[in-house]
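Q: The structure is given below, and queries will be raised subsequently.
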Amino acid sequence: MLQLYFSPMACSLASRIALMEAGLDARYHLVQLRTKQVVGDDSDFRGVSPKGAVPVLVLENGERLTESAAVLQYIADLKPDTGLAPRLGDPDRYRLQEWLSFIGAEIHKAFLFPTFWYSDEGSLAKPRARIPQTLSVPSAHLADHEFLVGNGFTVADAHLTWALLLLRPAGVDIAQWPSLSAYLERMQGRPTIKEAVTTEMALRKTLATGPA
Ligand SMILES: N[C@@H](CCC(=O)N[C@@H](CS)C(=O)NCC(=O)O)C(=O)O
């Protein structure tokens, strides 16, 4: 069985959503990111991945896969009929990778990560100044598209949904971008996303940790 190392409401939420959308069973291992502890057995998470970051997906053959963009596409490709990723060779596959890179680098690492992990105000000024311009990109796209890629839900939507959910606790009100607010509301109406968020919000209360 697949196994996912995750932390509540961290970027690994997208991988949980993808697994649920794909209808794949998995064992979930809760990680305390600040202490790098696997909560179930108190082991050092760096023994699972030297990166010390979630998500880590343990594959059926025991190999460990990291990086959301890779993990999400791996999950999608296990169930190609779900349409969670356009098939290899389809030009839309590059659109999917374009969005996954953008969300991972420009929203997550450039803004959410420093916001939740750095406490000095000085180092947050530039990320804060830049985030409106960054968000204007998906906002413009979603003004006339229901989903990020093609006509259906893909793992890029799982990734963006996670990032948008964290913007409010990061101090950004997405009401400024009506297309993003409407998109998030639509995504939150999906049963998998509702269930994944409910599960992780309940777990988050048990941990005092930054999510991003
Ligand atoms: N590039 C990685 C970033 C993973 C990442 O930064 N995960 C965060 C949680 S959202 C984490 O585990 N941070 C702990 C740390 O970096 O020490 C990805 O996209 O999966």
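Q: How big is the accessible area of Glu185 in square angstrom, nearest 10, if you roll a 1.4 angstrom probe over the protein chains?
A: Approximately 140 Å² of Glu185 is accessible to the 1.4 Å probe.
Q: From the Cα gyration tensor of the stretch 60-112, with a ≥ b ≥ c the square roots of its eigenvalues, which class applies: rounded if a/c is under 1.5, or else prolate if a/b is larger than b/c, or else oblate? Provide the component values of the computation, followed by the final result.
A: Values: a/c = 2.72, a/b = 1.22, b/c = 2.22.
Oblate is the answer for the stretch 60-112, as a/c is 1.5 or above yet b/c matches or exceeds a/b.
Q: What base-10 log of the normalised intensity I(q)/I(0) is obtained for the stretch 92-192 from the Debye formula, alpha carbons as equal point scatterers, at q = 0.17 Å⁻¹?
A: Each listed q maps to, in turn, -0.74.
Q: Oh, and also: How many Å² of accessible area per residue for the chain, probe 1.4 Å?
A: On the way: 10040 Å² over 212 residues.
Averaged over the residues of the chain, the accessible area is 47 Å².
Q: OK, next. Counting only protein heavy atoms, what percent of the accessible surface of the stretch 2-83 is carbon or sulfur at a 1.4 Å probe? Write down the numbers at each step before the final one.
A: Details: 1600 of 3480 Å².
Of the solvent-accessible surface of the stretch 2-83, carbon and sulfur hold 46 percent.
Q: Also: Using alpha carbon centroids, what distance separates the stretch 1-48 and the stretch 107-184, in Å?
A: One Cα centre to the other: 23 Å.
Q: Just to be sure I understand the rule: take each whole DSSP H helix in the chain, project its Cα atoms onto its long axis, keep it if the span is 18 Å or more and its mean Kyte-Doolittle hydropathy is at least 1.0. Which ones pass?
A: Details: long enough: 125-142 (27 Å, -0.28); 155-167 (19 Å, 1.56); 191-204 (19 Å, -0.08).
Helices meeting the span and hydropathy rule in the chain are 155-167.
Q: Report the residue, chosen from Ala140, Ala196, Ala26, that carries the largest GNM mean-square fluctuation when the chain is represented by alpha-carbon nodes joined by springs under 10 Å.
A: Its mean-square fluctuation being the largest, the pick is Ala140.
Q: Still on this structure, I have one more. Cα convex hull of the stretch 6-48: how many Å³ per residue? Working shown, then result.
A: Working: hull volume 3.0 nm³, N = 43.
Normalising the Cα hull of the stretch 6-48 by residue number yields 69 Å³.
Q: Next question, about the same structure. If you restrict to DSSP beta bridges whose two residues both lie in the chain, what percentage is antiparallel, to the nearest 5?
A: Values: 10 of 15 bridges.
Approximately 65 percent, going by the DSSP bridge assignments.
Q: Further question on the same structure: With all protein chains present, how much of the accessible area of the stretch 92-192 (probe radius 1.4 Å) comes from carbon and sulfur, to the nearest whole percent? Walk me through the numbers on the way to the answer.
A: On the way: 2540 of 4810 Å².
That fraction is 53 percent.
Q: Lysines near Lys109 by alpha-carbon distance under 20 Å, same-chain residues fewer than 8 away left out - which ones?
A: Lys36, Lys51, Lys126
Q: Go through Phe147, Phe111, Pro86 and say which Cα lies farthest out towards the positive end of the charge dipole of the stretch 55-183; charges sit on Cβ, +1 for Lys and Arg, -1 for Asp and Glu.
A: Phe111
Q: Take the eigenvalues of the Cα gyration tensor for the chain, scale each by 5, and report the square roots as semi-axes in whole Å, largest first.
A: Working: eigenvalues 122, 105, 45 Å².
Working from the Cα gyration tensor, I get semi-axes of 25, 23, 15 Å.
The values are calculated or read from the model by the stated rules, or taken from the named source; none is laboratory data. Owing to the predicted nature of the structure, the values given are computational and were not obtained by experimental measurement. No Cβ is skipped: glycine too gets one built from the backbone with ideal geometry, and neighbour counts run over all protein chains shown. Calculation scope for accessible area: heavy atoms of the full protein, side chains included, ligands and nucleic acids excluded. Shrake-Rupley method; radii C 1.70, N 1.55, O 1.52, S 1.80 Å.
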